[in-house]
């Protein structure tokens, strides 16, 4: 039977149409759904776990959006302060409630746009600008020692912390599970997609790292299944200031903060932070 029969040609055409739909449809779906792949807003389920002396804090962003979170005052006045930026699926009150933070440090964390009780919708450009607004609000407080503010970022928050460290006079930075660019993370997880062409929400903390001359503490999990250690190392290598690299053994992305191997270096690093 000749293989150029109408039936054969019809079957071939059907397969070509399916292939074209996949080639076009999958990238199109990734283009339109990427915010849902990057941001996972969490509500405030409760505040009962917060320390009794935690106080609500609101900061107005440059575009008028209200960001809400908390400040946990340190013991001296004015106190050194940690400004914390959380992960992409984190409601920050739980991190503020951790009893392993050094008590002399004031802790500040506001939920990202669309997270917790913060207004708005998360997007890369806005979140980076919000980080600067939060730093400015904290530095202006009379109960905070503006010469000793540390930008602390975890996972996605490392992009905000690195941006603040490059653009504002922080004393130091702590980055947990950092990354050099979101495009590189996307290529790792979706090697069959043209991530660099599709990505609208661009976080490129390596560009900020080369401008950051303050001391850095980087902490990574040795078995991180979300952010490869190589991507964290690329950010660390780009950092222009003095830096310290800590690998926490037997840890994954979401278990990294569960041990003394994580908290002891943080306490030691913060204790040694000099005034800016």
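Some observations on this one:
- Hits in segment 127-161 (condition: in a helix (DSSP H, G or I) and out of contact with any strand residue (DSSP E or B) (no Cβ under 8 Å at 6 or more places or on another chain)): 127, 128, 129, 132, 136
- Looking only at segment 48-63, and only at residues there that are part of a loop (DSSP other than H, G, I, E, B) and over 22 Å from the mean Cα position of the chain (by Cα), the one that is surrounded by the most Cβ atoms within 10 Å (Cβ to Cβ): 54
- Screening segment 162-182 for residues that are in a helix (DSSP H, G or I), touching a residue at least 60 places away in the same chain (Cβ under 8 Å) and more than 10 Å from the chain's Cα centre (by Cα) and picking the one that is farthest from residue 84 (Cα to Cα) gives 182.
No value in this document is a laboratory result; all are computed from the given coordinates. If you're wondering where the values come from, they're calculated on a predicted model, not measured in any experiment. We place every Cβ from the backbone using ideal geometry, glycine too, and count neighbours over all the protein chains shown.
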